[in-house]
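Peer 1: Shown below is the structure under consideration.
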Amino acid sequence: MNTAATTVARPGLDVLVSGVSRIVARRLDARTTAHAVAGLLRDNLPGLDLLTPAERAGSPDRYASHVLHAEGGFSIVGVVWRPGQDTAIHDHVSWCTFGILSGIEYETLYRDMGDHLVEIGRAENRPGEVSGFAPPGDIHMVRNTSAETGVSVHVYGADVSRLGSSVRRVYDLPIR
């Protein structure tokens, strides 16, 4: 994960940072915060120029995360997915909101039954779409199913530059 500070101009980032800061300062419950941040992101979804051309190229090995802003109450991360790249099945340490800038983030949702997972839903998130969620009930796997490099912006209710990741747990249970 790229956590180095940068002086690159990030069009649209200031609006997100100030808006998310105001929402987080209200100290709402996690689900309400996620939905409020999703509304903000929906109204202010940045363009691909949020990331540099080098950042938008991604990595041939796995999806790439670029921390664009982090402070005690939240982080804003640009995620780049080459075609076919995916995550492990995982959940999160906090609420999360994401907006799709390019590509298709195909999300499979699961419920933990203790000794196995059950698939409970699927979503095909396309450019311009925004969503948000909060634990519990946030177990998922995400894959870029498009033929183009996917770029999304994620807002997490935790300082991922300090934690190293937004992932709380990776699941290696059978799926029934």
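Peer 1: Looking at (1) among the hydrophobic types (A, V, I, L, M, F, W, C); (2) surrounded by 18 or more Cβ atoms within 10 Å (Cβ to Cβ); (3) in contact with a His (Cβ under 7 Å, 6 or more places away or on another chain), which is the only condition Val167 fails?
Peer 2: It is condition (2) that Val167 fails.
Peer 1: Now for a different question. Does the stretch 53-63 contain at least one residue that is closer than 23 Å to Arg162 by Cα and hydrophobic (A, V, I, L, M, F, W, C)?
Peer 2: no
Peer 1: I'd like to verify a number: residues in the stretch 143-167 that are among the acidic types (Asp, Glu) and farther than 16 Å from Arg62 by Cα, how many?
Peer 2: Residues flagged as among the acidic types (Asp, Glu) and farther than 16 Å from Arg62 by Cα within the stretch 143-167 amount to 1.
Peer 1: Continuing with this model, one more query. Take Gly114 and tell me if it is free of Cβ contacts under 8 Å to residues at least 24 places away in the same chain, more than 14 Å from the chain's Cα centre (by Cα) and either part of a loop (DSSP other than H, G, I, E, B) or closer than 25 Å to Val20 by Cβ (or both).
Peer 2: yes
Peer 1: If you take the residues of the stretch 137-150 that are in contact (Cβ under 8 Å) with a residue 40 or more places away in the chain and in a loop (DSSP other than H, G, I, E, B), which of them is surrounded by the fewest Cβ atoms within 10 Å (Cβ to Cβ)?
Peer 2: Checked the stretch 137-150; the qualifying residue surrounded by the fewest Cβ atoms within 10 Å (Cβ to Cβ) is Ala147.
Peer 1: In the stretch 131-156, what residues are touching a helix residue (DSSP H, G or I) at 6+ places or on another chain (Cβ under 8 Å), under 16 Å from His90 (Cα atoms) and not aliphatic (A, V, I, L, M)?
Peer 2: Once the filter is applied, which keeps residues that are touching a helix residue (DSSP H, G or I) at 6+ places or on another chain (Cβ under 8 Å), under 16 Å from His90 (Cα atoms) and not aliphatic (A, V, I, L, M), the stretch 131-156 yields Gly132, Phe133, Pro135.
Peer 1: Can you work out which of the residues in the stretch 64-82 that are assigned to a loop (DSSP other than H, G, I, E, B) and at pLDDT below 95 is nearest to Leu101 (Cα to Cα)?
Peer 2: It comes out as Gly73.
Peer 1: With the structure loaded, tell me whether Glu105 is within 24 Å of Pro135 (Cα to Cα) and modelled with pLDDT under 95 or whether it fails that test.
Peer 2: No: the conditions fail for Glu105.
Peer 1: Does Gly121 fit the bill of being free of Cβ contacts under 8 Å to residues at least 40 places away in the same chain, small (Gly, Ala, Ser) and farther than 25 Å from Ile23 by Cα?
Peer 2: It is true that Gly121 is free of Cβ contacts under 8 Å to residues at least 40 places away in the same chain, small (Gly, Ala, Ser) and farther than 25 Å from Ile23 by Cα.
Yes/no per residue for (1) among the polar types (S, T, N, Q); (2) assigned to a loop (DSSP other than H, G, I, E, B); (3) at pLDDT 95 or above:
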site	(1), (2), (3)
Thr6	yes, yes, no
Val17	no, no, yes
Val24	no, no, yes
Val37	no, no, yes
Leu45	no, yes, yes
Gly84	no, yes, yes
Phe98	no, no, yes
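Peer 1: Continuing with this model, one more query. Does at least one position in the stretch 65-80 carry a residue that is on the phi < 0 side of the Ramachandran plot, over 15 Å from the mean Cα position of the chain (by Cα), buried (at least 18 other Cβ atoms within 10 Å of the Cβ) and touching a residue at least 12 places away in the same chain (Cβ under 8 Å)?
Peer 2: no
The values are calculated or read from the model by the stated rules, or taken from the named source; none is laboratory data. Since we're looking at a predicted model, the values are computed, not measured. Note: ideal-geometry Cβ built from the backbone for every residue, glycine included; neighbour counts use all protein chains shown.
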